[in-house]
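Following: one structure in structure tokens, then a few remarks.
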Amino acid sequence: MTDELKRNAPDRAAGSVTPSSLGAAEDQARALALGLSAALNVAGLLAAPRLLAKAMRTQEEAPTGEALSAVLENATTAFRSSGDATGDATGLVASLSELRDRLSTWEGRSPAPGPIVEAARGVLRALDIGEPEEGWDRWEGPTEEQTVPPARQMPRILRVERMTIEAWLAFDSPGELCEGVLVEEKTSTALEDAVAAWFLTVLRAWALPRGGVVCGRGHKLAVSAVSGRKPDVCVYMPNDPSAETGAPSTPTLVLEVVSANPADQRRARLTTSREYGALGVRWYWLIDALNRTFEVFELGSGGRYIVFLAAIDGTMSQVGPEGLAIDLDALWAAVAPMGL
């Protein structure tokens, strides 16, 4: 049974990706990130008597129970409103609510009352954070070795000196060009590599008899006068009307296999989406190998992409270019040995 969401279809299934839903998802993700950070900071501070005492000594103005309670109120709201997206958040919301209520009347001093300390530890348990080896009563906070660096939201810069697009096209080393700066390419797993290879084979079988050219990883695509990308797959078709600029070097279709890395997610869904749209690429495909999703975007007015189709299985007989079909069941079966 094909799970296919067609453009402008009145019965578009829940879970379809649209520009507005992408914006809402970004707002929700931001609220969840802030809520999680608040929950960890407040609960971690109150769960360990020594850590709270240390904070009281080093801060000019100690946090009040009322202020901490207000912070947790925002976190509670974020997790409660996103329960469907985050799984079963009932236990976490209940723990946050209990700590929030206890803090509302606390005068803010060290040591914290036992019920507040226990409620804070309950929040950490709900987040799957257990008691440290030395015990909560002796814990004074994470050491430098224990600190986990946050996931990078932007690619790492490989070269400080600015580079022209001509120099990048002739450059024989890894890296993409972003606004004249050489940055690292996206990372990929063996599974993502296998998915990219499968699509490369299928798209070549469709394009070559029609006079098209299909390029895989390593192919350099100049998306502007100052930026260049290396998509997973580029499909060039003769006399394609999709290029608004009329440039013969504009691909008809660009495919990206989405990585779980936050920096790569941002690259595929925000940065390169704008770049490919401005270049005039008519069809933009995104494949999430880990979550088994296949999204097709078509270039609309103003260089912006709109959702044409989204699916998880079945055979897609209309995926953009005429005569091109994609059998998702065959794809997942082919990459199953890679651990999917």
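The values are calculated or read from the model by the stated rules, or taken from the named source; none is laboratory data. Please read these numbers as outputs of a predicted model, since none were measured by experiment. Cβ placement follows ideal geometry from the backbone for every residue including glycine, while neighbour counts extend to all protein chains displayed. Please note that ligands, DNA and RNA were not included when accessible areas were found on the heavy atoms of the full protein model with its side chains. Shrake-Rupley method; radii C 1.70, N 1.55, O 1.52, S 1.80 Å.
Scan the stretch 305-324 for residues that are in contact (Cβ under 8 Å) with a residue 40 or more places away in the chain, outside any strand (DSSP E or B) and not polar (S, T, N, Q) and jot them down.
Result: 312, 313, 314, 320, 321, 323, 324.
If we keep just the residues of the stretch 175-217 that are hydroxyl-bearing (Ser, Thr, Tyr) and part of a loop (DSSP other than H, G, I, E, B), which is least open to solvent (accessible area, probe 1.4 Å)? It would help to see each step written out before you state the result.
Filtering the stretch 175-217 for residues hydroxyl-bearing (Ser, Thr, Tyr) gives 187-189, 201.
Filter once more, keeping what is part of a loop (DSSP other than H, G, I, E, B): 187-189.
Values: 187: 70, 188: 54, 189: 69 Å².
Top of the filtered list is 188.
Pick from the stretch 120-148 the residues that are touching a Ser or Thr at 6+ places or on another chain (Cβ under 7 Å) and open to solvent by less than 20 Å² (accessible area, probe 1.4 Å): which of them is modelled with the lowest pLDDT?
Looking only at the stretch 120-148, we keep the residues that are touching a Ser or Thr at 6+ places or on another chain (Cβ under 7 Å), and these are 122-123, 126.
So of that shortlist, the ones also open to solvent by less than 20 Å² (accessible area, probe 1.4 Å) come out as 122-123.
Values: 122: 87, 123: 84.
Across the stretch 120-148, the extreme among qualifying residues is 123.
From the list 277, 302, which one is open to solvent by less than 10 Å² (accessible area, probe 1.4 Å), among the small types (Gly, Ala, Ser), free of Cβ contacts under 8 Å to residues at least 40 places away in the same chain and not in a strand (DSSP E or B)? Give the derivation first.
Numbers: 302 fails: open to solvent by less than 10 Å² (accessible area, probe 1.4 Å).
Checking each option against the conditions leaves just 277.
Which of (1) in a strand (DSSP E or B); (2) in contact with an Asp or Glu (Cβ under 9 Å, 6 or more places away or on another chain); (3) surrounded by 19 or more Cβ atoms within 10 Å (Cβ to Cβ) is the odd one out, the single condition residue 268 does not satisfy?
Residue 268 satisfies every listed condition except (1).
How many of the residues in the stretch 325-340 are part of a loop (DSSP other than H, G, I, E, B) and under 16 Å from residue 296 (Cα atoms)? Outline the logic, then answer.
Step one: filter the stretch 325-340 for residues part of a loop (DSSP other than H, G, I, E, B), giving 325, 339-340.
Restricting the remaining residues to those that are under 16 Å from residue 296 (Cα atoms) gives 325.
Qualifying residue count, the stretch 325-340: 1.
In the list 43, 55, 29, which residue meets the criterion of being under 30 Å from residue 266 (Cβ atoms), assigned to a helix (DSSP H, G or I) and at pLDDT below 75?
Details: 43 fails: at pLDDT below 75; 55 fails: under 30 Å from residue 266 (Cβ atoms).
From the options 43, 55, 29, the qualifying one is 29.
Output yes when any residue across the stretch 311-319 is under 22 Å from the mean Cα position of the chain (by Cα), surrounded by fewer than 19 Cβ atoms within 10 Å (Cβ to Cβ) and closer than 24 Å to residue 236 by Cβ, and no when none is.
no
Kindly indicate whether residue 338 is under 17 Å from residue 201 (Cα atoms) and either open to solvent by less than 10 Å² (accessible area, probe 1.4 Å) or of a type in the set (A, V, I, L, M, F, W, C) (or both). Show your work before the answer.
Values: under 17 Å from residue 201 (Cα atoms): no; either open to solvent by less than 10 Å² (accessible area, probe 1.4 Å) or of a type in the set (A, V, I, L, M, F, W, C) (or both): yes.
Against the criterion (under 17 Å from residue 201 (Cα atoms) and either open to solvent by less than 10 Å² (accessible area, probe 1.4 Å) or of a type in the set (A, V, I, L, M, F, W, C) (or both)), residue 338 does not qualify.
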